[in-house]
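One structure is given below, encoded as structure tokens.
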Amino acid sequence: METSLQTPNPPVNMLSGYVSQHQTTFTVCCHDSTFKNVTASDSAGNPLFRVEGSAFGTSWSWRRKNGWVVESPDGGQLCSLQHKAQVTRDHSAVDVTVRTEAGEDVLAVMRPNGHAAITVTVSVGDTIIATVHKVEDNSPGMRGDRERSVWEARVAAGVDLSFIMVMVLCRAEMGHVWKQ
């Protein structure tokens, strides 16, 4: 059974121009395990986001233990994420404080649906605004020319897709580290 999604109230919009007009689905392909190359496309295959980075000297594990911060190009903090459980069954539980365009701090949470956390929900209060589902996970030596991992996000109307992209990257990073 598919989880019912709703528009959040208050809105959780970090960036203008990325708010979904209707329920939508997009796919995120992590081309490597260190996030040097990540692409996100809508259901028609049109590019939505591209992430490029250098993992040289970067400790993703340190960030997982101590939280993440997402900043705008001008250095303003858009949101902060805190991993909630390190060793428990809720290993994919994350609390997120989002600084909205309106200047409010809104708490959103990501919680696993089941022990393996193949699917997680993203909620604001009691409102589920998105689901993130692992579509494919390939071991580095076994993947050939396939992506390292592929994720599908299903998002309610009125949700900032850039915020959900952050949540997908957070979940993907946990999956790459824990191979789950």
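Just so it is clear, none of the values below were taken in a lab; they were calculated from the coordinates. Remember, predicted model here, so these are calculated numbers, not experimental data. Cβ placement follows ideal geometry from the backbone for every residue including glycine, while neighbour counts extend to all protein chains displayed.
How much space per residue, in cubic angstrom, does the convex hull of the C-alpha atoms of the stretch 93-137 take up? Each step should come with its number before you reach the end.
On the way: hull volume 3.9 nm³, N = 45.
Given the Cα convex hull of the stretch 93-137, per-residue volume reads 87 Å³.
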| note | Between H22 and V109, the two model label points (7 Å from Cα along the beta-carbon direction) sit apart by a distance in nm of 3.2
